[in-house]
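K.L.:
Okay, here's the structure, questions in a sec.
The values are calculated or read from the model by the stated rules, or taken from the named source; none is laboratory data. All figures in this text were calculated on a predicted structure; none of them were measured in a lab. Positions of Cβ are backbone-derived with ideal geometry, glycine not excepted, and every protein chain shown enters the neighbour counts. Side chains are part of the model used for accessible areas, which takes the heavy atoms of the whole protein and leaves out ligands, DNA and RNA. Shrake-Rupley method; radii C 1.70, N 1.55, O 1.52, S 1.80 Å.
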Amino acid sequence: MFLAHYHLTALSVLVVQKEVLALSFFLFFSFQLSGQTTPSITIQKSSIKVGDLLEEITRQSGADFAFNSKLLDKNEVLDFEIRNATLTETLDLLVQKIDVTYRIIEGQIVLNFAEKKENFYTISGYLSEEATGEVLIGASIILNGTSRGVVTNEFGYYVMTPKEGTYDLTFSYVGFEAKNLQIDLRKATQKNVTLKMASFDLSTVIVELPLQEQLNTKQLDVIRFSPEQLNSLPEFGGESGLVKGMQSLPGINVQGDGSAFFNVRGGERDQNVIFIDDAPVFGISHLLGFYSMVIPDFTKSIDIYKSDMPVSLGDRLSSIVSIRTNDGNLNKLKFSGAINPFVNRFTLETPIAKQKSSVFVSYRRSSFDRLIERAAEGVSYHFQDFHFKWNWKVNDKNRLFLTLIQAGDYFTSPSAVSDVNWGSGAAALRWNHLFHPQLFSNTTLYSSNYAYNVTFAPNFWTSQLGMVGVKTDFTQYKNSKYQAKFGFNLQLYSSTPGSFTLDSTINVLPNFSQNLSRKGVLYYEGRYDFTEKWQFKGGLRLTTWANLGPRNFYELDGNYEVSDTIEAGIGAFNRYAHLAPRLSLRYQISPTTQLKLSYGTYQQYLQLILDSVSPFSALEVWLPSSPNVRPQRAQQWALNYLQVSKPLQLEFALAAYYKTAQNQIDYAPHATTFLNPLLEAELRFGTARSYGLELMLKKEWNKASGWLSYTYSRTFRTTPDLNEGLEYRAVQDRPHELSLALSFPLKKRILCSTYWTSSSGTTFTSPVGFYDFNGSTTPIFGERNNDRLPAYHRLDFSIKFLLNKNPNARYQHDLTFALYNAIGHKNIYAIRFNKLEHSFLSPLVRTNIFSDEPLSPSQIDLIRFFPSLTYKFKL
């Protein structure tokens, strides 16, 4: 058995050895054959016909070509140089020269048509005004012959990415002459374009955009309120107010005459924020709300977001107002002003380096001092504003801006309250940088502050809020269908709810401590155009909040009483983090109609704590989120519809919304928020829900314009510790509001504007009865906010006389007569049952119902008729 096995193994080895020799022999000859059939091709011809080139390749390689006779022009002459190349390398160079594809099949080279590659290139640049160099925000750039177009961003920059070809572009902006340019697009192209302002006999003439451009310039969740629209409304005391102008828009209502507070879609007054060049502003009013610190001439554009708020903007539940300011004339000096018995304003803008750098300076001061001193000896009041803007075009890729704003109100009196001063300011240093045509950045270092002090001689009451932040936005135009915006924001807050001192060194209420907080934000938002009709936008905002020590804070039990005092050390002792998604889907039903559905989650970390129910009290405090005050949150669904009609020059917009909110602040019965170091114990927290419908109709004629807006809005709250836990109407629940604004010429140089507004009255809690206890009359209260003030009605009217016969004269001036509340309607903003009838505090703070003084019910209104005459000039 062993021998047999041995011989079998030997035989197997022999067979294997023969197979290995055979395989080695085969590989050797294959290698030799391969070496002999792989050609080394060398062709160096500065000009050779395609037919001759193919023959030369065949001669050197031995491979024949097969192709359709229509594929090549054999007489086409080209350059072809290659040395010691393989057949594959030679064919790769060939297809680059004659734009074909190849395959080697059974030793034959088969040529075929190449798939045509579409190249896309960017067209980008800045759009600006020819005379002043001011960039134009929201201007249109249209590819003629297509439905495609873009608008300039808030810095006047635009980008579009069409495929290679020749295009006719139209650049246009309302009030300017359109410009057409032809561009042969073969590479990335930058086109900075200037537009010339159209010449008109009347300032109210409207320049109509083509229908498609009207749709392209609209964002359904954004109302762009221009300074021209603001100035077309009747004035109060010689000025057009920002808040009063916003009141003419649907979904926005003001609490009453003399109020700088406004509510949007049923939100609280503190759930709105105003940005000026990316810096938030906390105190925007003068004269208890009749004037705004925002000077209309200083503004370039006003964008109001009520839903689908961009993830790059601040944390508020109801609205964001973003104001961009004028840069200043880059070409020549301009001086303007407005003079009337109440307010005087002067503005200077001048180039520092022509076409490169300029400044814009505006100063305004009220003239009420003399009028008030005549009425009340020793009493004085005035307000003033200072606005400054500097810009510098460093080069084509970099630009710097500096914005400074300072405002103040100053009141003195010989009474117990001898001085009351309010102050608000903001600063922003911005850097625009263009990394390449498709990546734009804006970096801002900013600060803001708000403070007031009241002197009860010799004592002082002060409160302040200050913050500093840095923010960088990146906008990436990836291609013609996708655009992304992302960045970060870091903010530091310092707030003191109140401090009461006997003098500058002694603090009699040491429990009023300074709050230090930090907020960090990361965000990303992408917009994708599936087709010309469908567009999707999605974003995510990640926010972190931290309260910083060292400081003391109180722990509250279930009865809102102090259960413990905590001493927090240096660093963060309390944190919150939230993810806020924002989604929207837009559908273009037709060339004239768009529909948009959006959803958003929002949060808020600063709360305005009121010390009265007054709509214009200035002694409120800003309170940051803390262990006892959780951040407010809200979710909103919104549906927007927009239709434009070119034959009728008509625009119709409709919006419906539903919003829920959590951690909403209300106050305990008879809450004490004035001079109270345990302020958080007076707060009660609950939920809210709001829903409504908004309509707006805009009509433009050749020399006139106007808009009609109507809002139906309801807001209800549920606070477990109030109203027996039952749902009740919120203070801002005002079901109906109607506004009508018209601007039209009476004659060639006489312009008229009128504004009418009507709205439901504000809710309030009225007593359902009274009883006497130990000789004191005490009210009995039932359901919260069970009553409503009378309806609000107001008619404003103005007439402007253009004093120039030549509309192109260098010196332009006009005279405006205006009437505020021309019908003299008595608009009630509060009904009170005071126990401190003659006290200076009665209009400012909640009163003690257990005092021995008798009840004094009263209705309070402010202005029933107010005329003004203003002279304005420009040169």
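K.L.:
Can you pull out every residue in the range 533-558 that is at pLDDT 85 or above and not in a strand (DSSP E or B)?
P.N.:
Matches in the range 533-558: K533, D557.
K.L.:
Taking V311 as the residue in question, decide whether it is closer than 30 Å to Y523 by Cβ, open to solvent by less than 10 Å² (accessible area, probe 1.4 Å), modelled with pLDDT of 85 or more and in contact with a helix residue (DSSP H, G or I) (Cβ under 9 Å, 6 or more places away or on another chain). Don't jump to the end; show me each part of the working.
P.N.:
Details: closer than 30 Å to Y523 by Cβ: yes; open to solvent by less than 10 Å² (accessible area, probe 1.4 Å): yes; modelled with pLDDT of 85 or more: yes; in contact with a helix residue (DSSP H, G or I) (Cβ under 9 Å, 6 or more places away or on another chain): no.
No.
K.L.:
Out of D79, D73, I need the residue that is touching a helix residue (DSSP H, G or I) at 6+ places or on another chain (Cβ under 7 Å), open to solvent by 80 Å² or more (accessible area, probe 1.4 Å), of a type outside the set (K, R) and not in a helix (DSSP H, G or I). Which one?
P.N.:
Only one candidate qualifies: D73.
K.L.:
Residue by residue through the range 530-550, note down the ones that are over 30 Å from T475 (Cβ atoms) and open to solvent by 50 Å² or more (accessible area, probe 1.4 Å).
P.N.:
Residues of the range 530-550 over 30 Å from T475 (Cβ atoms): 547-550.
Within the range 530-550, P550 is the sole residue that qualifies.
K.L.:
Shifting gears a bit: Mind telling me which of the residues S124, S128 ends up being open to solvent by less than 10 Å² (accessible area, probe 1.4 Å) and either in a loop (DSSP other than H, G, I, E, B) or touching a residue at least 60 places away in the same chain (Cβ under 8 Å) (or both)?
P.N.:
Values: S128 fails: open to solvent by less than 10 Å² (accessible area, probe 1.4 Å).
When all the criteria are applied, what remains is S124.
K.L.:
Which members of the range 632-649 meet the condition of being touching a Leu at 6+ places or on another chain (Cβ under 7 Å) and within 17 Å of Q594 (Cα to Cα)?
P.N.:
So the first thing to find is which residues in the range 632-649 are touching a Leu at 6+ places or on another chain (Cβ under 7 Å), and the list is 632, 634, 639-642, 644, 646.
If the condition is that a residue be touching a Leu at 6+ places or on another chain (Cβ under 7 Å) and within 17 Å of Q594 (Cα to Cα), then L639, N640, Y641, L642, V644, K646 are the ones that fit.
K.L.:
Then there is this: Out of the residues in the range 326-355 that are in a loop (DSSP other than H, G, I, E, B) and within 27 Å of L371 (Cβ to Cβ), which is least open to solvent (accessible area, probe 1.4 Å)? Can you show your working first?
P.N.:
Within the range 326-355, the first condition is being in a loop (DSSP other than H, G, I, E, B), and the residues that meet it are 326-333, 340-342, 354-355.
With within 27 Å of L371 (Cβ to Cβ) added as a condition, the list becomes 340-342.
Details: N340: 13, P341: 78, F342: 32 Å².
My answer is N340.
K.L.:
Continuing with the same structure: Note down all Cβ pairs under 6 Å where the first residue falls in the range 643-664 and is more than 30 Å from T687 (Cα to Cα), the second is charged (D, E, K, R) and surrounded by 15 or more Cβ atoms within 10 Å (Cβ to Cβ), and they're at least six residues apart or on different chains.
P.N.:
Short answer, once both residue conditions are applied: V644/E651; Q649/E700; L650/K699; E651/K698.
K.L.:
Still on this model: Filter the range 360-370 down to residues that are more than 15 Å from T412 (Cβ to Cβ) and hydrophobic (A, V, I, L, M, F, W, C) and give me whichever is least open to solvent (accessible area, probe 1.4 Å). Even if it seems obvious, please write down each step before you answer.
P.N.:
Within the range 360-370, the first condition is being more than 15 Å from T412 (Cβ to Cβ), and the residues that meet it are 360-365, 367.
Now narrow it down to the ones that are hydrophobic (A, V, I, L, M, F, W, C): 360-361.
On the way: F360: 4, V361: 43 Å².
Step by step, filter the range 360-370, then rank; the result is F360.
K.L.:
Another one. Which residues, taken from the range 605-636, are open to solvent by less than 10 Å² (accessible area, probe 1.4 Å) and at pLDDT 95 or above?
P.N.:
Y605, P631, Q632, A634, Q636
K.L.:
Can I ask one more? Can you tell me how many residues in the range 231-285 are assigned to a strand (DSSP E or B) and either of a type outside the set (S, T, N, Q) or open to solvent by less than 10 Å² (accessible area, probe 1.4 Å) (or both)?
P.N.:
Number of matching residues: 14.
K.L.:
Could you tell me whether V174 is surrounded by 15 or more Cβ atoms within 10 Å (Cβ to Cβ), at pLDDT below 80 and either over 30 Å from H436 (Cβ atoms) or touching a helix residue (DSSP H, G or I) at 6+ places or on another chain (Cβ under 8 Å) (or both)?
P.N.:
yes
K.L.:
Taking the range 554-576 as the search range and keeping residues that are under 30 Å from the mean Cα position of the chain (by Cα) and surrounded by 12 or more Cβ atoms within 10 Å (Cβ to Cβ), which one is nearest to A653 (Cα to Cα)? Spell out the reasoning first.
P.N.:
Of the range 554-576, the ones under 30 Å from the mean Cα position of the chain (by Cα) are 574-576.
Add one more test, that the residue is surrounded by 12 or more Cβ atoms within 10 Å (Cβ to Cβ), and what stays is 574, 576.
Details: N574: 44, Y576: 38 Å.
Only one residue fits best here, namely Y576.
K.L.:
Which members of the range 666-724 meet the condition of being among the hydrophobic types (A, V, I, L, M, F, W, C), farther than 30 Å from P234 by Cβ, modelled with pLDDT of 85 or more and out of contact with any helix residue (DSSP H, G or I) (no Cβ under 8 Å at 6 or more places or on another chain)? Working first, answer last.
P.N.:
Residues of the range 666-724 among the hydrophobic types (A, V, I, L, M, F, W, C): 668, 671, 674-675, 678-679, 681, 683, 685, 688, 693, 695-697, 701, 704, 707-708, 716, 722.
Still in the running and farther than 30 Å from P234 by Cβ: 668, 671, 674-675, 678-679, 681, 683, 685, 688, 716, 722.
Pick out the ones that are also modelled with pLDDT of 85 or more and you get 668, 681, 683, 685, 688, 716, 722.
Across the range 666-724, the qualifying residues are A681, L683, F685, A688, F716, L722.
K.L.:
Scan the range 371-395 for residues that are closer than 22 Å to K300 by Cα and among the charged types (D, E, K, R) and report the count. Show your work before the answer.
P.N.:
At the first step, the residues of the range 371-395 found to be closer than 22 Å to K300 by Cα are 384-394.
Restricting the remaining residues to those that are among the charged types (D, E, K, R) gives 385, 389, 393.
Counting residues in the range 371-395 that are closer than 22 Å to K300 by Cα and among the charged types (D, E, K, R) gives 3.
K.L.:
Moving on to the next point. Given the criteria in a loop (DSSP other than H, G, I, E, B), open to solvent by 50 Å² or more (accessible area, probe 1.4 Å) and either modelled with pLDDT under 95 or farther than 28 Å from G125 by Cβ (or both), does E373 qualify? Walk me through it before giving the result.
P.N.:
On the way: in a loop (DSSP other than H, G, I, E, B): no; open to solvent by 50 Å² or more (accessible area, probe 1.4 Å): yes; either modelled with pLDDT under 95 or farther than 28 Å from G125 by Cβ (or both): yes.
No, not satisfied.
K.L.:
Select from the range 471-491 the residues that are surrounded by 16 or more Cβ atoms within 10 Å (Cβ to Cβ) and either at pLDDT below 85 or among the hydrophobic types (A, V, I, L, M, F, W, C) (or both) and list them in ascending order.
P.N.:
If the condition is that a residue be surrounded by 16 or more Cβ atoms within 10 Å (Cβ to Cβ) and either at pLDDT below 85 or among the hydrophobic types (A, V, I, L, M, F, W, C) (or both), then F474, S480, A484, F486 are the ones that fit.
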